Each structure stands twice: as C-alpha cells, then as structure tokens.
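A quick write-up on the structure given underneath.
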Amino acid sequence: MKIIHIADLHLDSLVDSRLLPYLQKERLQELVSNFANVCDYANRLKVDKIIISGDLFDSDNFTSKTKDQIIDSILKNPDIEFLFVASPNDKAFVASLDILPSNLKLFDNEFYTLEYDNVTITGINYKNSYDYDALELLPNKINIVMMYGDTETEINLAKLKNKNINYLALGGVHKYESDKLDSEGVYVYPGMLEANNVSEIGNKGFVLININDDLNYEFIPFAKRIAYDIKFDITNLETLFDVKRSIQNNLSEVKEADMLTLRLIGGYSLDTSLNLDEISQYLSSEYYYVNIIDETHLNVNPKDYENDISLKGEFIRKVMASDLTDEEKSKIIEYGIRALLKEAL
C-alpha cells in the first residue's frame, strides 16, 4: 500500500501583501493547483490513499471556485481514497459538502478506525481535549492515526505512547518534522504543501508512506516555489560590482521560480558605494520575488577626515566635536554619509 500524507495547505489564505498584486493572484491559484499536481503524482505512482491532516483551508472564508476545484480533483481520481480530519479552519468546508464524493472519507469528533487488510487508519477531528483512553489499536496491525494539533500545547504525545501506533499523521506545523513516538512508532508533520507567504522558508511538500511487511516513509519536496531567507556578508567587498557578482555566485541553490529575502550584513567602505535599489533591481530580474533587507554598517574612520576639505569631512568633524556618545556619533556619521551618497536610510 502507498499513502501520501499532506496537511496545512491553507487554501484561500490572506494574500501576502509583500507580493505585487498580479503575483498575489497567481500565488493563490498555485496553492490550489498544487493539490491537483499531488493527485496527478499519486496517480502515476499508483498511490492508494491521500490522507489530509487538517488545515486544507485557511478559514471559513473560502471561495466556491476553490472548493469546486478541490472536489473536482478528488472526483477525477476515483482509484485514490482521500481521508480527511478537519481542523477548526475546515469546519465550514466540511459543512458545505452537500454531496460527498464516494472516495472522500471524513472523520468525526471521536476516534474512528477504517480497516484495510493488515493496515488500519484511525482519525479524529480537532478537539480542545482528546479522550486518549478511547483509542484502542491491535498490536498485530500496521496502525496509522490521523490528528491535528501542536504537540507543544494541543496533542499529548505521552498519552499516545505504547498504543500500537506505527505512524502518527499530524497537521498544524508548517515545516516537515519527524521523530520517534515510542519504540514502535513515529509522529510526522509533513509541513505545508506550498509556502503561502515569503516567510515560510525551506522545502515544502508531502510524505510518501510505503507499506509492505512494515512501514517506511520519506519526505518528498514538491513545492512550485521555495522561499529563502539568506544572510550575505559584504565585508571586504570593495565595489558594487564585487557585491553583485559575489551575491550571484552564492545563490546557486535559489532557482528562478523561487522567492528570496536577502539580508545584507557586515561593513562596507565609502568606495563600495552600496546601492540597494540597484542590487534589488539586478536580482528582481533573476527571481520570482526579491526583498533586500539592509543590516550593514558603513565603515568610517573619523580620523581619516580630520583634514579633509569636503562636505563629508566637515560633517564628520562637527559630529565628532559634539557631546554625543561614541555609539550615537557612529550612527549619525553612517546615516549622514549615506544621505550624502543619496542612499536609503
């Protein structure tokens, strides 16, 4: 048996305002389309079941178009059984299902078990408090349990130990996470299928479960776009050309389709003439989304300007002669020089 475990799609989520308007619209559709892509992948691989551990939708405010697209993907794959536990965000979607596709199985507010030869899949919708004593599983089966919630505050892993769980299929955490539950089983968060904003960094995808005599699983990266948040030290780079070339050489893992937040750190000299707008424009032609965050500082030695006959020299001497602290003087000199260079502060 082959099973795909997904969660946290957050369809129809709030638009990420950091993206341009046309990209916001495109991104929302890509989140929906990737569900259909997973179904196509499952079909090619002859996957038996897709289990969804909550947060299929982001809230009660979903569109009928998105709902129809999800139901259409399910109906187009009659040989795949879809098993779904609902999070609080999914309740309105579940309530809206007047006609349930025959290959979509919904769970309720109490543990319920479906049996498939030597495999059982047990699920329960999200609750504020779970009755762990009600969960009874046989040791001679391969047992999968589906739940939604954070193991820090909502799901008590200690009370799920030694209950013959082989694979605890969780939802509610936005990055892939896997660890031992007890000597027999593991708990797994597949993370998001696709980043729904530029802050959800790292690979996103699903977990593929293979069951023969025992259960094995692996994370499958599947996102159309990956969000990166990368620090880049510009120290010792002498010119703007050097900065641009070095940045490009150090971003080999970032692909054209990806979303990049680049944090510039370190110190630069006046000769570098750091121009963030030019760097941003340069990178924006290379990637789907680029945001440059300036955490650098200007390296200026005031003694170098003691006898400098220029506006910079006069400015630095006036600041150094003030009653400000050394830290305040350093910051004012840095901002002042940037202003003189017509850079953003």
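So which lysines pass the test for K175, namely a Cα distance under 24 Å, with those fewer than 8 places away in the same chain ruled out?
Within the straight-line cut-off, K175 pairs with K2, K25, K49, K91, K127, K159, K161, K204, K224, K231, K255.
Hey, can you rank 81-92, 57-68 by average C-beta count inside 10 Å, highest first? All intermediate terms of the calculation are to be shown ahead of the outcome.
Numbers: 81-92: 21.1, 57-68: 15.3.
Highest to lowest by the protection proxy: 81-92, 57-68.
Determine, for Y148, Y126, the number of other Cβ atoms within 10 Å of each Cβ, and report the residues in order from fewest to most.
Y126, Y148
Please figure out what share of the DSSP beta bridges in the chain is antiparallel and state it in percent, rounded to the nearest 5.
Numbers: 21 of 65 bridges.
Roughly 30 percent of the DSSP beta bridges within the chain come out antiparallel.
Which label marks the calculated value of Rg and Dmax of the Cα atoms in Å, given the options (1) 26.7, 88; (2) 19.4, 58; (3) 20.5, 74?
(1)
Mind computing the radius of gyration and Dmax over the alpha-carbon atoms of segment 249-299? Å is fine for both.
Values for segment 249-299 (Cα only, Rg and Dmax): 11.8, 35 Å.
Sum -39500 (n - 2.57) across every DSSP H segment of at least 4 residues in the chain, then divide by the residue count to get the 222 nm mean residue ellipticity, nearest 500. Walk me through the numbers on the way to the answer.
Numbers: 7 runs with 86 residues, N = 345.
Value at 222 nm, helices only, nearest 500: -8000 deg cm²/dmol.
Counting other beta carbons within 10 Å of each residue's own, what order do H297, H5, H10, H174 fall into, fewest first? Could the numbers behind the result be given before it?
Working: H297 14, H5 26, H10 23, H174 20.
By the 10 Å Cβ count, ascending, the order reads H297, H174, H10, H5.
Quick one: grab Rg to one decimal and Dmax as a whole number for segment 1-147, Cα atoms only, in Å.
16.2, 54
Rounded if a/c is under 1.5, else prolate if a/b is larger than b/c, else oblate: which is segment 43-93, with a ≥ b ≥ c the root eigenvalues of its Cα gyration tensor? Spell out each step's value before the answer.
Values: a/c = 3.20, a/b = 1.61, b/c = 1.98.
Taking the square roots of the gyration eigenvalues as a ≥ b ≥ c, segment 43-93 is oblate.
Would you calculate the volume per residue, in Å³, of the smallest convex hull containing every Cα atom of segment 227-340?
Numbers: hull volume 11.3 nm³, N = 114.
Spelled out: Cα convex hull of segment 227-340, divided by residues, is 99 Å³.
Exposure proxy check: K180, K163 ranked by fewest other beta carbons within 10 Å? Write out the running numbers ahead of the final one.
Working: K180 11, K163 20.
Starting with the residue having the fewest Cβ neighbours, the order is K180, K163.
Would you work out which of A7, P139, L20 lies farthest towards the positive end of the dipole of the chain? Charges go on Cβ: Lys and Arg +1, Asp and Glu -1.
L20
Rounded to two decimals, what is Rg over Rh for segment 88-157 when you use alpha-carbon atoms and the Kirkwood radius? Walk me through the numbers on the way to the answer.
Working: Rg = 13.6 Å, Rh = 13.7 Å.
On the Cα set of segment 88-157, Rg over Rh gives 0.99.
No lab work stands behind these numbers, since they all come straight from the coordinates. From a predicted model like this one, the values you see are computed outputs, not experimental measurements. Neighbour counts are summed over all protein chains in view; Cβ atoms, including those assigned to glycine, are modelled from backbone coordinates with ideal geometry.
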